[in-house]
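Colleague: Shown below is the structure under consideration.
The values are calculated or read from the model by the stated rules, or taken from the named source; none is laboratory data. The structure presented is a predicted model; accordingly, all values stated were derived computationally and were not measured. Positions of Cβ are generated from backbone atoms using ideal geometry, with glycine treated the same way; all protein chains shown enter the neighbour counts. What goes into the accessible areas is simple: the full protein's heavy atoms, side chains included, and nothing from ligands, DNA or RNA. Shrake-Rupley method; radii C 1.70, N 1.55, O 1.52, S 1.80 Å.
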Amino acid sequence: MVRARRVEAHSLAADWDALVTLADAPYTVTARGNGEAHVRQEYPAEEVVESAAARVRPLLLEGDACSYLKALAAVGYFCRNRPHDTQWVKAARAEWRTRTDSNAPREGGYQVMIGDDAAGWTAELDDRKLATAWIYGDVVHHDTDLLEEADPFGLSERFRAAVPLVASVMVMAIELLNYIRALHTDSLLGLPAELFEREVVLTSTCWEQVMRVFAAPVGTPALADALSPFSEHWTPWSGSAVLRHADD
């Protein structure tokens, strides 16, 4: 719930239609008239997708407390007597498996095949394995086995495969979040309102506070805790100078 709200707050999700389109791996094909065709794909900057991948990563791991499948199972439990909702949960689970499980059968996707005539070697990987190599090899981990397998295809090919996967995970997470919101509105879940209101992303990284400042001679023991009173060694600071960090 909280993780999905953090995903929803990412800049890639600001334009919902664009995010859904990105999940479908958009491309354009232009015929050149000589038997060739020009294929173009344009994706967001890697740094943007990388931050999105970091936000969705816990949803991908079934062992994590906030994994997508665990959340979906919980929704399924509360909706077990509602046929329409049960059907939605089953469809969502099937779509998740199809998009994220490298061993699940599917009708879409693509295979990349490369070879070297001089050296006499060939290699091939599908887009899901290439995407996994980017996420867990290049970004949130440094899985050497995945990188070794996908290295011949290059970073660009791994990233190209990963973008639609990250976008599709974002779409499914936000759709589940909205489904949970609807069930909560119908009083089916009994979730605390705080989950829907808790701060999940920082909107400002500038900190300003008004406070009382005390000073004490070097060597004076620090306070035991936040509620301990100041001893007589601590006196209010009444200076008029602007204090700055030593490196400024």
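Colleague: Within region 3-14, take every residue that is in contact with a helix residue (DSSP H, G or I) (Cβ under 9 Å, 6 or more places away or on another chain) and in a loop (DSSP other than H, G, I, E, B) and give me the one that is surrounded by the most Cβ atoms within 10 Å (Cβ to Cβ).
Modeller: H10
Let's see how each residue does on (1) open to solvent by 60 Å² or more (accessible area, probe 1.4 Å); (2) touching a helix residue (DSSP H, G or I) at 6+ places or on another chain (Cβ under 9 Å):
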| site | (1), (2) |
| --- | --- |
| M1 | no, yes |
| G35 | yes, no |
| E42 | yes, no |
| E46 | yes, yes |
| L59 | no, yes |
| K70 | yes, no |
| C79 | no, yes |
| A92 | no, yes |
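Colleague: Take residues that are in contact (Cβ under 8 Å) with a residue 12 or more places away in the chain and open to solvent by 20 Å² or more (accessible area, probe 1.4 Å) and tell me which of the helices (runs of 4 or more DSSP H) falling wholly in region 140-207 contain 3 or more. Before the answer, list the steps.
Modeller: Numbers: elements: 144-150, 154-185, 194-197.
Passing ranges, in order: 144-150, 154-185.
Colleague: Looking only at region 15-33, filter to residues that are part of a loop (DSSP other than H, G, I, E, B) and open to solvent by less than 90 Å² (accessible area, probe 1.4 Å); which one of those is farthest from V140 (Cα to Cα)? Before the answer, list the steps.
Modeller: Applying the first criterion (part of a loop (DSSP other than H, G, I, E, B)) to region 15-33 yields 15, 24-27, 32-33.
Checking the rest, the ones that are also open to solvent by less than 90 Å² (accessible area, probe 1.4 Å) come to 15, 25-26, 33.
Numbers: D15: 25, A25: 22, P26: 25, G33: 43 Å.
Applying the filter and picking the extreme gives G33.
To keep it simple, each residue is scored yes or no on (1) closer than 27 Å to V20 by Cβ; (2) out of contact with any Asp or Glu (no Cβ under 6 Å at 6 or more places or on another chain).
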| site | (1), (2) |
| --- | --- |
| L125 | yes, yes |
| A133 | yes, yes |
| Y136 | yes, no |
| H141 | no, yes |
| L146 | no, yes |
| P152 | no, yes |
| E157 | yes, yes |
| A162 | yes, yes |
| V169 | yes, yes |
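Colleague: Here is a follow-up. For the list (1) within 29 Å of the chain's Cα centre (by Cα); (2) not in a helix (DSSP H, G or I), I need the number of the one condition that M211 fails.
Modeller: Condition (1) is where M211 drops out.
Colleague: Kindly list, by first and then second residue, each pair from a residue in region 2-17 that is within 13 Å of V166 (Cα to Cα) to a residue that is β-branched (V, I, T) and open to solvent by less than 80 Å² (accessible area, probe 1.4 Å), limited to pairs with Cβ atoms under 6 Å and residues at least 6 apart or on different chains.
Modeller: V7/V56; E8/I174
Colleague: Let me ask something additional. I need a count of the residues in region 65-88 that are more than 16 Å from the chain's Cα centre (by Cα) and in a helix (DSSP H, G or I). First the steps, then the outcome.
Modeller: Filtering region 65-88 down to residues more than 16 Å from the chain's Cα centre (by Cα) leaves 70, 72-88.
Next cut, in a helix (DSSP H, G or I) only: 70, 72-78, 83-88.
Of the residues in that region, 14 qualify.
Colleague: Shifting gears a bit: Given (1) assigned to a helix (DSSP H, G or I); (2) touching a residue at least 12 places away in the same chain (Cβ under 8 Å); (3) open to solvent by less than 40 Å² (accessible area, probe 1.4 Å), where does Y136 come up short, assuming only one miss?
Modeller: Tallying (1) assigned to a helix (DSSP H, G or I); (2) touching a residue at least 12 places away in the same chain (Cβ under 8 Å); (3) open to solvent by less than 40 Å² (accessible area, probe 1.4 Å), Y136 fails exactly one: (2).
Colleague: Return the pair list, or none, for Cβ contacts closer than 9 Å from residues in region 68-88 that are within 12 Å of L183 (Cβ to Cβ) to residues that are polar (S, T, N, Q) and part of a helix (DSSP H, G or I), at least 6 apart or on different chains.
Modeller: Between residues of region 68-88 that are within 12 Å of L183 (Cβ to Cβ) and residues that are polar (S, T, N, Q) and part of a helix (DSSP H, G or I), the close pairs are G76/T86; C79/T86.
Colleague: A follow-up question, please. Only residues that are over 19 Å from the mean Cα position of the chain (by Cα) and modelled with pLDDT of 85 or more: list them for region 89-108, please. Can you show your working first?
Modeller: Filtering region 89-108 for residues over 19 Å from the mean Cα position of the chain (by Cα) gives 89-91, 94, 103-108.
The answer is V89, K90, A91, A94.
Colleague: Quick one: is S51 among the small types (G, A, S), at pLDDT 95 or above and open to solvent by 40 Å² or more (accessible area, probe 1.4 Å)?
Modeller: Numbers: among the small types (G, A, S): yes; at pLDDT 95 or above: yes; open to solvent by 40 Å² or more (accessible area, probe 1.4 Å): yes.
Judged against the criteria, S51 is a match.
Colleague: K129 - would you say it is among the charged types (D, E, K, R) and either touching a residue at least 40 places away in the same chain (Cβ under 8 Å) or surrounded by 15 or more Cβ atoms within 10 Å (Cβ to Cβ) (or both)? Explain how you work it out, then say what you get.
Modeller: Details: among the charged types (D, E, K, R): yes; either touching a residue at least 40 places away in the same chain (Cβ under 8 Å) or surrounded by 15 or more Cβ atoms within 10 Å (Cβ to Cβ) (or both): yes.
So K129 fits the description; yes.
Colleague: Related question: Given the criterion within 25 Å of K129 (Cβ to Cβ) and assigned to a loop (DSSP other than H, G, I, E, B), identify the matching residue among E47, E62. Let's see the steps before the verdict.
Modeller: Numbers: E47 fails: assigned to a loop (DSSP other than H, G, I, E, B).
After applying the criteria, what remains is E62.
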